[in-house]
Amino acid sequence: MSTATAGSPTVVAADPRTDPRWHTLAATAQGSLFTSPPWIRSVCDTYGFTPQARIVTDAAGRPTDGFAWVPISDIRGDRLVSLPFSDRAEPLVTNPATWSSLVDDALRTDAPLKIRCLDAAVPTTDTRLVRAGEGAWHFTPLGAPVPEIYRLLRTCWESLTRRLRCAATAYGRVAARAVGPSIRSSPI
């Protein structure tokens, strides 16, 4: 697939596991682990998926935007997922005007399309799509000064440690009641 008119961008079909243009896009600030060719290849090889992607190229043939998905057909039915086993996989879009041309082929199928993305991602403004749920995200901004990153990580670690201690204590009480007085603690 390739579409173009004089002076307009071109949309090409690609395999995001092997296409160097996808690799270029995935290496930009919009890319993430979940849009990287090694991740996509690993998931697809493991589960037998065949990914698809659409890439917009400029007049010089350089990639500017892209969107990848995987068709899945299983006991839950047919669907398209961008991308399976990924926390999130926003389309790699710098120009919102290209979004429609990237997603059109996926929307032409009868299968529902699922995209996990942050609130500011281009798909959230597409009226052809419906919000199906929300997730909670946390992150550590790596552009902050190193002492600030350490402070943020320490705060998260302390909170996680408190929760784990509470969970371990609660689990210990439940296990002790279930098994009875024969439970003993022993040093590791």
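Bear in mind that the values in this text are calculations on the coordinates, not laboratory data. A quick note: this is a predicted structure, and the numbers were derived from the prediction, not measured. Counting neighbours? That spans all protein chains shown, and the Cβs are built from the backbone with ideal geometry, glycine included.
For ASP65, the residues 5 or more places off, or on other chains, whose built amide H falls under 5 Å of its own are VAL56.
Here the extension length gained between GLN30 and TRP157 equals 43.0 nm, from 0.36 nm per residue of separation less the Cα-Cα distance. Summarising the amide proton neighbourhood of ARG116: residues at separation of 5 or more, or on other chains, whose placed amide H is nearer than 5 Å comprise SER82, LEU83, ALA89. The slack in the chain from CYS117 to TYR47, taken as 0.36 nm per residue of separation less the alpha-carbon distance, amounts to 23.0 nm. Note on ALA144 and THR18: with the Förster distance fixed at 35 Å, the Cβ-Cβ geometry gives a FRET efficiency of about 0.45.
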